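The values are calculated or read from the model by the stated rules, or taken from the named source; none is laboratory data. Since we're looking at a predicted model, the values are computed, not measured. Here the Cβ is made from the backbone with ideal geometry for all residues, glycine too, and neighbour counts use every protein chain on show.
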Amino acid sequence: MKFNEELSLLLKARYPIIYISSIEEDRVEYIIRKDIKSTLNRSIYTWDFVDGYTNNPNNKNFAQRNPLQALEFIEKLSSETPALFILKDFNKFLTDVSIARKLKNLIRILKLQPKTLIILSSEVNIPVELRDFITVIRFELPTAEEIEQELIRLFNSLNLKQDNLLIENLTRACQGLSLERIRRVLSKIIATYKNINEESINLILNEKRQIISQTGILEYWNSKENLEKIGGIESLKLWLNKRSTAFGQKAENYGLPVPRGLLLVGIQGTGKSLTAKVIASHWQLPLLKLDIGKLFGGIVGESEARLRQTIEIAEALSPCILWIDEIDKAFSNMESKGDSGTSSRVLGSFISWLSEKTSSVFVVATANNVKNLPLEILRKGRFDEIFFLDLPIYEERKEIFKIHLKTFRPKSWQEFDFDELAHLTKLFSGAEIKQCIIDAMYLAFYEEREFTTEDIIISLKEIIPLAQLDELKIKELQQWALSGRIRLASK
């Protein structure tokens, strides 16, 4: 149901107090004045703490810096006058005893008279004793259709040539921004370049990064990696290729469900995090990294609120990739955690969203030890698939050496003995192989010469791979993966 339809329904049903949560104060007020006033024919009064009632013809600035007086004005206004009272940021005063009591007294009047009180705020904060009397509705960020209409209006007003593909790309780039921010960033683009084109998208993405960085929980990543940067994992690559076009209009018309997510389990250094970055660049979707440790706050209810905020931002920016690194560390040993059940509640909210989400947010979660994860996460329906990334086999190790040496020495990479290097790195992960090459480069650079296969072999002998340091745990994990309970990333 659209916002204006939902609000009209609540007003007709005589709901006394409606709480609208939105960061777009002006847009909410515009829609109320445009749609509600014309359909329900109500007088509209707006109040804020600094200016009081700004559109009261009898007494301008009445109840200035006096929230209690603002409520008394509602009570004194003629009962015959259908009215709507928009109180901005009034949630800040709900914890005051006199305000809470006055609101409870007012409810009896509001039920009998054609008057409705609307609290408008960017965050939801309602004391327990008032929750039964207040109905919350959210005013969502503009839809793709609304953004497209705004862009077309702007192009027409500036007499710019309309390109359907450019409008579509700009619309996708602007998703997750308020109309005010979209107008502001487009004004900046016009002022800078005197035109709007494909290059303008970078400035829009910079605006998004600013918003996301303000949360302190999400981070916007620029990923330019591609599938060729990962050695091996052919089964996983094939799975990703089959879903690379699943977010477009063509897939939606086909009736194809949007991919839900992927859980990557495996030994450290086998490329789980790199795979998350590669998925974003391969599918050409924005990548948001969630620092799951920062979800947990000290105040009761803060962790759940942060999770809701994260989900709202991710869904507003959809289609996108939400990358959760080392999810096993956040939800391991929950029974022994003395956090009054916060971890359990956050987990419950998270897996419910995973199961029920309809937005195009593809979740990529990584875990080093699957045994630390609660069974609820592993159950079918949370993720589309769970893949195990093992230590690379001989052919994969050769490929990993080639990938890294092509990067470090694009003109002379073929001079290295890949067969010998792959043979000597049996228990090495991809990350450890890369580190061996870097160590060899340091050695040769110190001696002022070019590094060779022999230098890499010397560095191999000085590195003890993780598979040797924790051999028992690695073998246990490999045996579990080979038992058929999980899909293998390599053929």
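Within region 44-54, the set of residues being among the hydroxyl-bearing types (Ser, Thr, Tyr) and surrounded by fewer than 17 Cβ atoms within 10 Å (Cβ to Cβ) comprises Thr54 only. Looking at Leu77, is it touching a helix residue (DSSP H, G or I) at 6+ places or on another chain (Cβ under 6 Å) and farther than 19 Å from Phe139 by Cα? It is false that Leu77 is touching a helix residue (DSSP H, G or I) at 6+ places or on another chain (Cβ under 6 Å) and farther than 19 Å from Phe139 by Cα. Is there a residue being outside any strand (DSSP E or B) and acidic (Asp, Glu) anywhere in region 208-224? No, the conditions are met nowhere in region 208-224.
Only one of Ile438, Ile474, Ile463 is of a type outside the set (D, E, K, R) and modelled with pLDDT of 95 or more; which?
The unique qualifying residue is Ile438.
Out of the residues in region 15-36 that are charged (D, E, K, R) and touching a residue at least 40 places away in the same chain (Cβ under 8 Å), state the one that is surrounded by the most Cβ atoms within 10 Å (Cβ to Cβ). Restricting to residues being charged (D, E, K, R) and touching a residue at least 40 places away in the same chain (Cβ under 8 Å), the top hit is Glu25.
Scanning region 467-483 for residues that are in a helix (DSSP H, G or I) and acidic (Asp, Glu) turns up Glu471, Glu476.
If I go through region 240-284 residue by residue, how many of them are aromatic (Phe, Trp, Tyr) and under 19 Å from the mean Cα position of the chain (by Cα)?
2
With (1) in a helix (DSSP H, G or I); (2) in the same structural domain as Lys294 (by TED's automatic domain parsing); (3) surrounded by fewer than 20 Cβ atoms within 10 Å (Cβ to Cβ) as the list, and Ala276 as the residue in question, which single condition is left unmet? If we test Ala276 against (1) in a helix (DSSP H, G or I); (2) in the same structural domain as Lys294 (by TED's automatic domain parsing); (3) surrounded by fewer than 20 Cβ atoms within 10 Å (Cβ to Cβ), just (3) comes out false. Pairing residues of region 439-463 that are under 18 Å from Glu415 (Cβ atoms) with residues that are assigned to a helix (DSSP H, G or I) and charged (D, E, K, R), at Cβ distances under 7 Å and at least 6 apart in sequence or on separate chains, gives Ala440/Asp455; Leu443/Asp455; Ala444/Asp455; Thr453/Glu420; Ser459/Asp439. Just checking, does region 151-160 include any residue being modelled with pLDDT of 85 or more and among the aromatic types (Phe, Trp, Tyr)? Scanning region 151-160 turns up at least one residue that is modelled with pLDDT of 85 or more and among the aromatic types (Phe, Trp, Tyr). Of all the listed residues (Glu432, Glu385, Glu395), the sole one being in contact with a Lys or Arg (Cβ under 7 Å, 6 or more places away or on another chain) and under 24 Å from Leu482 (Cα atoms) is Glu385.
Per-residue answers, yes or no, for (1) closer than 14 Å to Gln69 by Cα; (2) crowded, with 17+ Cβ neighbours inside 10 Å:
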residue	(1), (2)
Asp89	no, yes
Asp96	yes, no
Ile99	yes, yes
Leu103	yes, yes
Arg108	no, no
Leu112	no, no
Lys115	no, yes
Leu120	no, yes
Asn125	no, no
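Once region 127-138 is narrowed to residues that are among the hydrophobic types (A, V, I, L, M, F, W, C) and either at pLDDT below 90 or not in a loop (DSSP other than H, G, I, E, B) (or both), the residue that is surrounded by the most Cβ atoms within 10 Å (Cβ to Cβ) is Ile134. When Ile464 is tested against the conditions (1) surrounded by 14 or more Cβ atoms within 10 Å (Cβ to Cβ); (2) outside any helix (DSSP H, G or I); (3) among the β-branched types (Val, Ile, Thr), the lone failure is (1). Residues of region 55-67 that are surrounded by 14 or more Cβ atoms within 10 Å (Cβ to Cβ) and not aromatic (Phe, Trp, Tyr): Asn56, Ala63, Gln64, Asn66, Pro67. Could you tell me which residue of region 393-450 is surrounded by the most Cβ atoms within 10 Å (Cβ to Cβ), considering only residues that are farther than 26 Å from Gln478 by Cα and basic (Lys, Arg)? Filtering first and then ranking leaves Arg409.
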